Structures are given as C-alpha cells and as structure tokens.
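As structure tokens, the structure follows; a few thoughts come after it.
The values are calculated or read from the model by the stated rules, or taken from the named source; none is laboratory data. For clarity, every value in this text was computed on a predicted model and none was experimentally measured. For neighbour counting, all protein chains shown are included, and Cβ atoms are generated from backbone atoms with ideal geometry for every residue, glycine included. SASA here: full protein model, heavy atoms, side chains in, ligands and nucleic acids out. Shrake-Rupley method; radii C 1.70, N 1.55, O 1.52, S 1.80 Å.
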Amino acid sequence: MTNLPDVRPASATGPELRERTLELLEFPRIREALASHTRTPMSRERALALSPVYDTAAVAELQQETAEAALLLDESPSLALSNDPRPLVQRAAVGGMLVGSELIAVADGLDAARSAKALGGVARSRTPLLRNLTRNIADLRPLERELRSKLTPSGELKDDASPLLRQLRAESRDAYHQAAGGLQAYVDSDLGTEVLQDSLYTVRGGRLVLPVKADFKGRMPGIVHGSSDSGATLFIEPFSNVHRTNRWREAGDAEQEEVRRILQRLTVSVARRAAETMHALEMVARLDAALAKARYAQTYRGVAVGEGDSVRLVEARHPLLGAAVPVSLALEPPVSVLVVTGPNTGGKTVALKTLGLTALMRQSGLMLPCSPQTSLPLFDGVYADIGDQQSIEHAVSTFSSHVTAIAGILAHATPRSLVLFDELGTSTDPEEGAALGCAVAAHLAEQGVPCVVTTHHRPLAALAEEHEAMENASVELDPQTLRPTYKLTMGLPGRSYAMDIAARTGLDARIVEAAQHRLGPVHRETEGLLSAIRWERALTREKLDEAEAERARAAELSAELTKQVEALESAQASVVEEVRGGAGEGGRAAVGEGGAGGVAQGGEPRSCEAEAG
C-alpha cells in the first residue's frame, strides 16, 4: 500500500454529526415552514430553534402537545402578539424605565397570557397536558388593567393618569395658546405682512419663532434661533413674546417630569411581577408553538404516528415536495440494512430523505405526512452522508469527505440509531468503492444498526441478497417510456437502464451494441433476469388491478341486488298486510248483516225453507 500523509481531520462529536444531518436532510426548511404558522415572536423563535429530542418521555410529551393543539384549532384560537415583550420585562426587572409604547407592549403580552390560560381550559378533559401547562399562568389582570387605565393604545399617557398631570397639561395648553396668540398677532399685523416670509409661526429649538426675511432683520427685534439653508430666512423670537414662551416651556417641563414619574411607577409595577410575567410569556410561546405544529400538519395532512420496535414507513410523502410519490419501506428483524438500487433520478435519494425527515419530525413533536400504519422506533441519533462535501480550502476531496463522514458515523452509531448513506462507495475506483461499501454495510448489519443505503454498485446489491440482515429494494423506470416512477419496490435490486437510455436518446446503435458485448455474461444474464421479473411483476400488478376492479364491480352489483331484494320483500310485506286488512273488514261486515248465530229478528230461528223462500 502506498504511504500517504495523514490528513485525518479532527473527529466530529455525536451532536455535531446530528446537527450536520439536519442540514443535509434540509430540516431547517421544516423549521421555516413551521415558523410561518406561528402567531407570536416568541413561538416563531421556538419554531426556528426546533430540534429533535432523544428521550422517550420527551418525544411523547411533544407529540401529545401537538395532538391536543390540533383539538384546540376547532376553537379558532385568537392567540396573537406582534411584539416580544420579554426584553422589556427583563429591562424593567433590572431597573430600566419603560416608555409608554413599551408598557403597552407588555400589556399586550399580558393579554396574550390571559388568552392562553383561557384556551388551555377550553377542552380540559381532552387536552390535559395543555391544561396543566396553562393553569399555572398567574392572574396578571390587575397589572394589565393598571397599564391600560393610564395609557392609550398608542402608548401615550392619558390626561387622567394622575390629577397633577391633568392640571399641568391644562396649564401647558393655556400657556401655549397665549404664546402662539402673541405670534399670531404679528402674523396678522401690517408689519408681519411686510417682513415675514410666510404667514405662520413655527418652533425652533423648543422656542416659538417667526420666519423673518433676512433683509428685514432690524424691523423685528428679538432673538435669532436659526436660519434657512439659503440664509434668506431668519427664525426670530420677538422680545415681546419671550416671557410667554418661557411660561409655556416651564409648564411643559413640569408636565414631562410628571410623565416620567408616572412611567417610572408603572415600570416598577411591571418589575414586581417580572418573574410571573416571564413564565406566562414562555407558556404563550409554548402553546402557540404547539398550535403552529397543528396548523402546519394540516397543510400536508399529517397524522400522529406511534412508536414501534422497528422501522415501518407506509405511504410516506416527502414533506418539502408538493407532489411527491409516497414511499413505503420496512426494516424489520432480522433485517437492519436496506440497499436501494436503481437508475439516476429514480427517487433513491428522495426515499432516503423521506425516511430521515420523518424520523426527525416525529422526535421534534411534528405529525408525519404518511399513513397511520407507520411506526418508528425512538432513535438515539440520525446520521446521514448525502451529497458532495468536498472542500478545496481544506484540500479535502469528495471521496475523502465521504470517508471522513462515514468514519465519524460508524464511531457513534448504535443499534438504536438510524444511518443513511447516499451513493455509498462512490467518487473513487468503482471496484474499490464497491468493496468498501460492502464492508461498511456488512459491518452495520452485523452490529444491528438500522441503515438505508443507496448505491449503483452491483456487489452491494448481491451482498444484500446473501446476507440475512440485509435486504434489497429498488426504484424503477417505466419499462415502456423509461420515465421514473419514483416508486420503491422492496425485495428486488434495481436496474441501471444505462443501455436502454443510451439507445432511446439517440446514441449510435453500433456503439450501444458494442457496449453490451463488453458487459460480462453474468451482468447480461442478471439484467435479463431482472427485466423479466419486472415484466412479470408489471403483468401481475395489472392482473391484480383488473381483479380488484372486477371485485369492486361485483361488490357494487351485489349491493344493488341486495337493495332490490329488500325492496321486493318490503313491497310483498305491504301487499300481504293490505290483503289481511281487507279480509278482516269483509268478515266483520258479514257478521253485522246476518246477526250472530243465525238468529232471525224477533229471536226465532230461521228454517231452511224460510231461508229458501
């Protein structure tokens, strides 16, 4: 063996490998989709930080939260919040002062907490977990009432926030009107018409001023508080109005001091209940995050999936692909390794990612896009090597990156893990890559580690046929159109269809034929056998479909016949009842006419002769 320098990178830890798998399986896109269904900034934060957990009790609790939240969706929950008040509450707790708009944001958070508490108690018997979560939310209505009684919805202090504030605001308004009136007199005067640029007054540096033409500066005695950009206008406060503006400013300063005092007092009220408020807001975030999971599940018809001892994926759809063909596969004892073969673009990687994502979603508390018959074990880690991870910067080739990833996964995977290898043994010499792939797959099979491998290497598929802990599966092309079916078939290795595709796409027939002759006899025989099996399966499936259609038609005819028989029986019963009713009426009429016992009127028996006469 050639001696090569040791370029071995530092080994990744288990958590690092699990985090890398989240990226490879595009789990961040699941987070983003979930976040779009949240109604509060706090729950959005939780959604974007969503990660699978690896404890049975924790997974069960997360799944129960989502299931109970789905029941609450029928109640049309109005839990919503535009701002996150937690930083404001924390600032108040350490002595910072909140302004009016921030105090209103806190009040809105308290309102959301109150709604969460009420929502948690809507269906107590059916949502015990959410009920227990929300029942401990403190009653913060007194604090909310205090804030709203002092502040307008926009965060301005109301005039009646305190008696002194009402008085000071009245004085400030009166002082302003007097100061403004003094300037308005100038505006309306002949002097104003001559020296002012505009017939109005304005504020500069907190002082009421007039816009005087620069050329007439001497005609308007006063204090210059600025000029326009062109210098053509001076902003002058007339000396005669200074005392009025001073009074207005003094009143305004007194008002602002009272405002500051009231805001400080309200901030202290928030600080006193900061711990209870933070807990309540965390419960709001948790409840809305659960509701978001339920809303998200509605978009892909998600179902709750139970925990099983083995992998059984039934009709699972890739959650990020709108029109994905459902995937079904199983890893049941003694099989722990599934080898998926077949042509490129046939759906091998999609099947791999579908399994990985469903496992991660379940352990994150999300419902799954699959049949309720699906069951998955609790995995202590999901590890994947998918795609090209080469790094020019670190002089790591594609093959080296794959081997590094495989080595790290093998070091951490256990029989309770899920391992996903896409194109195992690729990016190197095919013979050596196949040998390495076989060795890795066999090692995992002997360790009992659940694993799904996609590959083009036939030796790996051959190994799966022989190894009792391994099984083949395949994706196929339509035998007539050579278009992908994206269906996964268990128990049978796949074909590459390379020659068929080459011939159909216009490659010279002589080249295709020459290539066929270069294939080994075993390869050609295997391809022929697989093709025959595929055709047999297709014919069998067609016959089964026809039989199922006939069975359905027979069932329809039987149901229709049953209805007709029931209708006839009902009609017959009606006729019999009518006949019986008619016979009874005739008998009663005969008795009434002839008298009882054949006795004639007057009590004498009738003789035959008399009857005859």
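On full extension, the segment bounded by Ala552 and Asn136 gains 144.2 nm, given 0.36 nm per residue less the C-alpha separation.
The lysines within cross-link reach of Lys150, meaning a Cα-to-Cα straight distance under 29 Å and a gap of 8 or more places when in the same chain, are Lys117, Lys158. Provide the net charge surrounding Gln64, with neighbours chosen by a C-beta distance below 12 Å and charges set as Lys +1, Arg +1, Asp -1, Glu -1. Net local charge, Gln64 excluded: 0. Place a label point 7 angstrom from the Cα of Ser76 along the Cα-to-Cβ direction, then list the residues of the stretch 115-157 whose backbone nitrogen is under 16 Å away. Answer for the stretch 115-157: 119. Looking at the stretch 137-216, the GluC sites (Glu not before Pro) that sit in a DSSP loop and have at most 15 other Cβ atoms within 10 Å of their own Cβ are Glu156. The listed residues Tyr54, Tyr486, Tyr383 rank as Tyr486, Tyr54, Tyr383 when sorted by accessible area, largest first, using a 1.4 Å probe.
The gain in end-to-end length when the Thr299 to Arg124 segment is fully stretched comes to 60.4 nm, 0.36 nm per residue minus the alpha carbon separation. Working from label points 7 Å from Cα in the Cα-to-Cβ sense, the Glu32 to Lys217 distance is 6.1 nm.
Within the same chain, lysines fewer than 8 places from Lys487 are excluded, and of the rest, those with a Cα less than 28 Å from its Cα are Lys348, Lys353, Lys543. Taking a quarter of the surface of the Cα convex hull of the stretch 201-331 gives a mean projected area of 18.9 nm².
Under the simplified labelling scheme, the Asp309-Glu468 pair shows an inter-label distance of 1.7 nm, with each label point 7 Å from Cα along Cα→Cβ. Placing Glu476, Glu431 in order of accessible area, with the largest value first and a 1.4 Å probe, yields Glu431, Glu476. Counting only lysines at least 8 places from Lys217 when in the same chain, there are none with an alpha carbon closer than 24 Å to its own. Across the alpha-carbon atoms of the stretch 145-206, the computed radius of gyration and Dmax are 17.7, 56 angstrom.
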